[in-house]
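What follows is a short report on a single structure.
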Amino acid sequence: MHVLDSHVVGVESIPEGSDGQLVETIRLSAAGTAGGTGLVLARLGAEVTSYGAVGDDALADTLLALLAREGVDVSGLVRKGEHQTSASVLPVRPDGARPAWHCIGANGAFTLDDLDLAALAGTDHLHLGG
């Protein structure tokens, strides 16, 4: 799975109605059982190519840019225009607890037909995230 996480740090409660609340920070990160693993492996110096599905939306543009900036080859990620990119919102409480709202999005539409199996030739290690 490839997910764009939005971390909202300093959430003490969910405001009532349409009220608002100031928080410490709001940050975006590449995440998911495939995206997050690939990012960490790239940071450790591994050559990483990631395969999966994202939408054809601004969320995908941001997620792909975050992964590529860390050295992950994102050429194996296909765009699914009929689905949004998988995303989560994590309201991080002062005690560190972080419940989540999550949308599966394009991850749920990825099939083996989207994967060029020949591209895996010569692969030393394969991590399946799901």
Subset of region 58-72, residues acidic (Asp, Glu) and either at pLDDT below 95 or under 15 Å from residue 5 (Cα atoms) (or both), comes to 61
Taking region 77-108 and keeping residues surrounded by fewer than 17 Cβ atoms within 10 Å (Cβ to Cβ) and of a type in the set (Gly, Ala, Ser) leaves 81, 96, 97, 100, 108
Every listed condition ((1) open to solvent by 80 Å² or more (accessible area, probe 1.4 Å); (2) touching an Asp or Glu at 6+ places or on another chain (Cβ under 7 Å)) holds for residue 18 save (2)
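Listed here are the residues, each with its yes/no results for (1) touching a helix residue (DSSP H, G or I) at 6+ places or on another chain (Cβ under 6 Å); (2) assigned to a helix (DSSP H, G or I); (3) over 30 Å from residue 15 (Cα atoms); (4) of a type in the set (Asp, Glu).
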position	(1), (2), (3), (4)
42	no, yes, yes, no
45	no, no, yes, no
52	no, no, yes, no
59	no, yes, no, no
62	no, yes, no, no
78	yes, no, yes, no
81	no, no, yes, no
84	yes, no, no, no
124	no, no, yes, yes
Which residue out of 33, 37 is open to solvent by 20 Å² or more (accessible area, probe 1.4 Å), in a loop (DSSP other than H, G, I, E, B) and either hydroxyl-bearing (Ser, Thr, Tyr) or under 30 Å from residue 121 (Cα atoms) (or both)?
33
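The values are calculated or read from the model by the stated rules, or taken from the named source; none is laboratory data. Everything quoted here is computed from the prediction, not taken from an experiment. FYI the Cβ positions are ideal-geometry reconstructions off the backbone, even for glycines, and counts take in every protein chain you see. Note: areas computed on protein heavy atoms with side chains; ligands, DNA, RNA excluded. Shrake-Rupley method; radii C 1.70, N 1.55, O 1.52, S 1.80 Å.
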